[in-house]
Every structure is written in structure tokens, then in C-alpha cells.
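Undergrad: Below: one structure in C-alpha cells.
The values are calculated or read from the model by the stated rules, or taken from the named source; none is laboratory data. Please read all numbers here as calculations on a predicted model, not as lab measurements. No Cβ is skipped: glycine too gets one built from the backbone with ideal geometry, and neighbour counts run over all protein chains shown. For accessibility, only protein heavy atoms count, side chains too; no ligands or nucleic acids. Shrake-Rupley method; radii C 1.70, N 1.55, O 1.52, S 1.80 Å.
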Amino acid sequence: MRVVLQRVLRASVTVSGERVASIGHGYLLLVGVGRGDPADEPRQLAVKIVNLRLFADEEGKTNLPLAGVDGEVLVVSQFTLYADLSKGRRPSWTATEDPEIAAERVEAFAEALEELGARVQRGVFGAEMDVELLNDGPFTLVLDAASL
């Protein structure tokens, strides 16, 4: 799996003109599933993310986890994180997992975040989504198996 984490002041997802999810202060997580990613990776990444200390404490140091600021999470599936751009100008998607498996893994990731105490909103898997966000920082990280 590959996750792009953006610390946000707010974020939302709209599908076909209807807002389907929104959060305040917290993380927007763009989540891609690669072909052959291990089934236990969603939980491992969730544990890593909820324990990251990416928010400022009372002294202004980046020292608090998501729970320390009562933050929220918006999980948005993003198969384009596995685009192969090595040949030509048009991306190839051969490194992405089959949609059925990818949907299960993205949902397993969101559920693992909830089990760890995070308040989670979700985008709509496979839908054309308009994602709006207000970056906080900006503070953006890329996590994958190497991050564990």
C-alpha cells in the first residue's frame, strides 16, 4: 500500500455534486493498493499513522499524535499512486491491485484506523471524486511498506 498523508485544517469529498464526507483538523489520507501488497499491511500502516506525532504541542513542537488534537481522518482511495510513468507520456496501471481486492484493503485500512480510536470519514471507492482540502503547514508525507 501507498499512503499520501496530508495534515489538513479541513477536507471534503464530493461525488456527482453531493458532499459525501468531510472532516475538520486532521489527516487526508490518499490510499493506493499495489498488486500483491500483503493483507496485513492496512493494519500496520494504520498503527503507524495514528501514532505519528505530527501536530504542535503547547510549546509549538511537532510532538502530538492525532488523538492529542482530537483530529479526524478522511480516507480516499487513489489508484493513481501506483502509476507507471517509465514509458511514454501515458500512465500505465499494471502495478495497481484488482479493484475488488483494492476496495477490501482500503476498507480494512479505514476500519483499522477506527479500531485504533480515529474518527474516520470515507470517500467512495471507484467514483470520480472532487477532493477539497486546506493544507495545514503544508505537511505532507508518503508512507508505504518501507515506512513500517
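Undergrad: Put one equal scatterer on each alpha carbon of region 47-102, apply the Debye formula with no solvent term, and list log10 I(q)/I(0) at q = 0.21 1/Å to two decimals.
TA: -0.80
Undergrad: Can I ask one more? In percent, how large is the relative contact order of region 36-148, given Cα pairs closer than 8 Å and 6 or more residues apart?
TA: Relative CO of region 36-148 lands at 32 percent.
Undergrad: What does the accessible area per residue of the chain come to in Å², with a 1.4 Å probe and no ligands, DNA or RNA counted?
TA: Here the per-residue accessible area is 55 Å².
Undergrad: Are there any GluC sites (Glu not before Pro) in region 16-60 that are in a DSSP loop and have at most 13 other Cβ atoms within 10 Å? List them by number.
TA: Answer in residue order: 58, 59.
Undergrad: How about region 1-50: which trypsin sites (Lys or Arg not before Pro) there are in a DSSP loop, with at most 13 other Cβ atoms within 10 Å of their Cβ?
TA: Filter output for region 1-50: 35.
Undergrad: Right, next: With the radius of gyration and the Kirkwood radius both derived from the Cα set of the chain, what is their ratio Rg to Rh?
TA: Answer for the chain: 0.97.
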